[in-house]
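These notes are about the structure you will find just below.
The values are calculated or read from the model by the stated rules, or taken from the named source; none is laboratory data. Keep in mind the model is a prediction, meaning the values are calculated, not measured. Glycine also receives a Cβ, built like all others from the backbone with ideal geometry; neighbour counts cover every protein chain displayed.
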Amino acid sequence: DAGITQSPRHKVTETGTPVTLRCHQTENHRYMYWYRQDPGHGLRLIHYSYGVKDTDKGEVSDGYSVSRSKTEDFLLTLESATSSQTSVYFCAISGTGIHPSYEQYFGPGTRLTVT
Amino acid sequence: DQQVKQNSPSLSVQEGRISILNCDYTNSMFDYFLWYKKYPAEGPTFLISISSIKDKNEDGRFTVFLNKSAKHLSLHIVPSQPGDSAVYFCAAATQGGSEKLVFGKGTKLTVNP
C-alpha cells in the first residue's frame, strides 16, 4: 500500500457546477498524476505534477485544472462540470528514489457522475 | 493514434491453464514496459515490469516477454487461478523522459473454475 487516498470516493453533481477532487499521499513521492478511466478508452492522463507548483497537461486536459501547493496533495478541479466528465478518476504517485519513477501506484478512485 | 495497443478486449481461460495477454506498441522510443491489474471498484495495481535491455522478466506465476523487433510484449500467467480474473493494462514509458506512462485499453481476463 503506497499510502494514497482520494476524496470523495463517490460524487454526483449537476452540469455547470464546480467540482474538486483531492488526492493525498503520505509517502513523499515526487510525481503525482490524475487519470480518468472510461469504457473502451483505458486509462487516460489528464494532468500530472513533477513537484510542488510544477504541473503539466496530459492527453485529455481540456475542462480540467490542477494545483499542487504541498507535496502530499494534488487537486483536480472541474471548473464547470459537463456530462462528458462522468467517469472514474484515479490518482497515481511515483518517484520514491527507490523504485523507478515510472512505476506508478494508484489510489482507489473517485466515481463522478454529472447529471 | 494509439501508441500502446491491446487488441483483445477479453480472454477466457480454464483454471490451471496458461493465460497469455498481448500488447503491441508503435513508439520505438519506449524502453520500459509495465503490466497493471485492476479489479472492479479498485485502483490498478502494479504487477510486473521489464526494461528494454531484457527480453524476459519473471515473478512467481507471472512472466513478461519483450520482443523489441516486433514491438510486442506479452504477459504469461501460469497456472491461472480464478483470483486472476481482472482487467490487465499494458503501459509503456521512455526512461529519462517525463515520467509519464501510456496505457493500452486493457484486456479483461476471466479464469473459469
Self-check item: Which numbered condition B:Cys90 fails, given (1) at the interface with chain A (Cβ under 10 Å from one of its Cβ atoms); (2) more than 30 Å from A:Arg9 (Cβ to Cβ); (3) within 12 Å of the chain's Cα centre (by Cα)
Solution: (2)
Practice problem: Taking A:Tyr33 as the residue in question, decide whether it is in contact (Cβ under 8 Å) with a residue 12 or more places away in the chain, within 15 Å of A:Gly95 (Cα to Cα) and not β-branched (Val, Ile, Thr). | Solution: yes
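Hey, among B:Lys54, B:Lys37, which residue is touching a strand residue (DSSP E or B) at 6+ places or on another chain (Cβ under 8 Å), part of a loop (DSSP other than H, G, I, E, B) and not acidic (Asp, Glu)?
Working: B:Lys37 fails: part of a loop (DSSP other than H, G, I, E, B).
None of the others qualify; the one that does is B:Lys54.
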Quiz item: So which residues in the stretch B:24-40 are closer than 30 Å to A:Gln6 by Cα, more than 10 Å from chain A (Cβ to nearest Cβ) and modelled with pLDDT of 95 or more?
Solution: B:Trp35, B:Lys37, B:Tyr39
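Look through B:Thr110, B:Thr63 and report the one residue that is closer than 20 Å to A:Gly42 by Cβ and either touching a Pro at 6+ places or on another chain (Cβ under 7 Å) or not in a loop (DSSP other than H, G, I, E, B) (or both).
Values: B:Thr63 fails: closer than 20 Å to A:Gly42 by Cβ.
Answer to the check: B:Thr110.
Considering only the stretch B:66-79, how many residues are closer than 18 Å to B:Pro9 by Cα and either hydroxyl-bearing (Ser, Thr, Tyr) or in a loop (DSSP other than H, G, I, E, B) (or both)?
So the count comes out to 1.
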Quiz item: Of all residues in the stretch B:46-67, how many are more than 14 Å from chain A (Cβ to nearest Cβ) and not polar (S, T, N, Q)?
Solution: 8
Quiz prompt | Single residue of the stretch B:29-53 satisfying the filter (in contact with a Gly (Cβ under 8 Å, 6 or more places away or on another chain) and more than 20 Å from B:Lys100 (Cα to Cα)) that is surrounded by the fewest Cβ atoms within 10 Å (Cβ to Cβ) | solution = B:Ala41
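Quick one: would you say B:Lys56 is surrounded by 13 or more Cβ atoms within 10 Å (Cβ to Cβ) and on the phi < 0 side of the Ramachandran plot?
Working: surrounded by 13 or more Cβ atoms within 10 Å (Cβ to Cβ): no; on the phi < 0 side of the Ramachandran plot: yes.
When the stated conditions are applied, B:Lys56 does not pass them.
Looking at the stretch A:1-101, what strands (runs of 3 or more DSSP E) fall wholly within it and have at least 3 residues that are charged (D, E, K, R), within 14 Å of chain B (Cβ to nearest Cβ) and farther than 21 Å from B:Leu47 by Cα?
Values: elements: A:4-7, A:10-13, A:19-25, A:31-38, A:42-51, A:54-57, A:64-70, A:73-78, A:87-94.
Strands (runs of 3 or more DSSP E) meeting the threshold: A:54-57.
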Quiz prompt | Candidates B:Gly43, B:Gly16, filtered to the one that is out of contact with any Lys or Arg (no Cβ under 6 Å at 6 or more places or on another chain), within 13 Å of another protein chain (Cβ to nearest Cβ) and part of a loop (DSSP other than H, G, I, E, B) | solution = B:Gly43
